[in-house]
Amino acid sequence: MEHLIELKDIYKIYPMGEETVHALDGVNITIDQGEFVAIVGSSGSGKSTAMNIIGCLDVPTSGTYHLGGVDVSTMEDDQQADIRNKMLGFIFQQYNLIPKLSVLENVELPLLYAGVPADQRRERAIRSLERVGLADKKKNLPSQLSGGQQQRVSIARALAGDPSVILADEPTGALDSKTGREVLGFLKKLNREGDTVVLITHDNSIAVKADRIIRLQDGKVIYDGDAHDPRAVVQPDAADEEVEAV
């Protein structure tokens, strides 16, 4: 079976003076349609680099990345931009809503860039707002909404393009714990409705809301499996690794 996302032997190497940094060091990841996966790691683990490559915001130094069966790892910028518009929906920590545009106009914006006709844009945007329970706020400005509502607008914006993958980068980072739980609840609801969700986080308590956890450390995958397995949230201790090596 063809995987929706397939990263194979991915390396991302940055020169740092006379040294080189392996942000990703031979990473292999596959994600199938309909999964809810959390990619987890502390600062410097490589999770943000992985997100950038999965999101077609960057290309690997070597290795291949197939998205929906298409090799996107060697595409030019304009080709990657086209793939992003058609196949990926982004949810960011800081909402990235345009203050002067209404809620509806914010949700429509990616469809405008994609060349969708005006009547279709409005219909799809309203349908997306209905999915997150905010159709009644379509004429409001972002400043008239709570933080949780603004994040739900950004989720609706991600959904409007009917993406193959919803890529959520620390989506609860700017929210209080109660509102964060509500946003995660929406992501789980979308997944139950058939959407593929990839969640990027440093927080184990958020990661365990997914069904599967992929943990990165020093640019390598150190765990890939059930989010409810105790090993999913325990980083290997350096001392333990040394004992194993002996």
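The values are calculated or read from the model by the stated rules, or taken from the named source; none is laboratory data. Just so you know, these numbers come straight off a predicted model, no measurement behind them. Neighbour counts run over all protein chains shown; Cβ positions are idealised from the backbone, glycine included. These accessible areas exclude ligands, DNA and RNA; they are computed on the full protein's heavy atoms, side chains included. Shrake-Rupley method; radii C 1.70, N 1.55, O 1.52, S 1.80 Å.
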Test set (1) among the β-branched types (V, I, T); (2) out of contact with any Lys or Arg (no Cβ under 7 Å at 6 or more places or on another chain); (3) surrounded by fewer than 17 Cβ atoms within 10 Å (Cβ to Cβ); (4) over 19 Å from T196 (Cα atoms) - V70 fails condition number: (4)
Does any residue of the stretch 82-89 turn out to be assigned to a strand (DSSP E or B), at pLDDT 95 or above and open to solvent by less than 50 Å² (accessible area, probe 1.4 Å)? no
Which one of the conditions (1) open to solvent by 50 Å² or more (accessible area, probe 1.4 Å); (2) over 24 Å from D32 (Cα atoms) does L134 fail to meet, given that it meets all the rest? (1)
Going by what's in this entry, would L112 be described as touching a helix residue (DSSP H, G or I) at 6+ places or on another chain (Cβ under 7 Å) and under 21 Å from A174 (Cα atoms)? no
Could you list all residues from the stretch 90-122 that are free of Cβ contacts under 8 Å to residues at least 40 places away in the same chain, open to solvent by 60 Å² or more (accessible area, probe 1.4 Å) and among the basic types (K, R)? R122
Checking G185 against (1) of a type outside the set (D, E); (2) surrounded by fewer than 22 Cβ atoms within 10 Å (Cβ to Cβ); (3) in contact with a helix residue (DSSP H, G or I) (Cβ under 9 Å, 6 or more places away or on another chain); (4) closer than 23 Å to I206 by Cβ, which single condition isn't satisfied? (3)
Please specify each residue of the stretch 209-232 satisfying the condition of being open to solvent by less than 50 Å² (accessible area, probe 1.4 Å) and either within 21 Å of L175 (Cα to Cα) or in a helix (DSSP H, G or I) (or both). A210, A232
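Residue by residue, here is whether (1) open to solvent by 20 Å² or more (accessible area, probe 1.4 Å); (2) in contact with a strand residue (DSSP E or B) (Cβ under 8 Å, 6 or more places away or on another chain); (3) closer than 21 Å to P163 by Cα holds:
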{"residue": "Y14", "(1), (2), (3)": "yes, yes, no"}
{"residue": "E19", "(1), (2), (3)": "yes, no, no"}
{"residue": "I31", "(1), (2), (3)": "no, yes, yes"}
{"residue": "A38", "(1), (2), (3)": "no, yes, yes"}
{"residue": "G41", "(1), (2), (3)": "no, yes, no"}
{"residue": "G46", "(1), (2), (3)": "no, yes, no"}
{"residue": "I54", "(1), (2), (3)": "no, yes, yes"}
{"residue": "L57", "(1), (2), (3)": "yes, no, yes"}
{"residue": "T64", "(1), (2), (3)": "yes, yes, no"}
For the stretch 1-12, enumerate the residues that are of a type in the set (D, E, K, R), open to solvent by 40 Å² or more (accessible area, probe 1.4 Å) and at pLDDT 90 or above. E6, K8, D9
When you scan the stretch 34-48, do you find a residue that is touching a residue at least 24 places away in the same chain (Cβ under 8 Å), closer than 23 Å to H202 by Cβ and touching a Phe, Trp or Tyr at 6+ places or on another chain (Cβ under 6 Å), even just one? no
